[in-house]
Amino acid sequence: MRMDGMTKKQVAKELGIYDLNRLKIWMRKYKAEGELGLIDHRGRREETFMVQEFAESEMTAQSV
């Protein structure tokens with residue numbers, strides 16, 4: 001949406017996000033880490049590592 005030229009305010013309104021600062025944080029995380037950056041990591045360390053390993057193996061498989 002943002003890449004389509006919408007302002008942050010328009011994106012927030014479209015998605016029903018009331019905290020514009022939260023949207024900015026999510027956008028930075030997405031830009032830096034992709035979809036994995038948006039996963040909630042609180043209290044789930046082992047599961048998080050499994051997700052990261054899966055993503056890395058998928059990226060390796062795609063590059064071969």
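The values are calculated or read from the model by the stated rules, or taken from the named source; none is laboratory data. Bear in mind that the values here come from a model prediction, so they are computed numbers and not experimental data. Methodologically, a virtual Cβ is constructed for each residue, glycine included, from the backbone with ideal geometry; neighbour enumeration extends over all protein chains shown.
Listed here are the residues, each with its yes/no results for (1) basic (Lys, Arg); (2) surrounded by 10 or more Cβ atoms within 10 Å (Cβ to Cβ); (3) modelled with pLDDT of 85 or more.
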| position | (1), (2), (3) |
| --- | --- |
| Gly5 | no, no, no |
| Gly16 | no, no, yes |
| Ile25 | no, yes, yes |
| Arg44 | yes, yes, no |
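If you take the residues of segment 46-64 that are small (Gly, Ala, Ser) and surrounded by fewer than 10 Cβ atoms within 10 Å (Cβ to Cβ), which of them is modelled with the highest pLDDT?
Step one: list which residues in segment 46-64 are small (Gly, Ala, Ser), which gives 55, 57, 61, 63.
From what is left, the residues that are surrounded by fewer than 10 Cβ atoms within 10 Å (Cβ to Cβ) are 61, 63.
Values: Ala61: 68, Ser63: 62.
The residue in question is Ala61.
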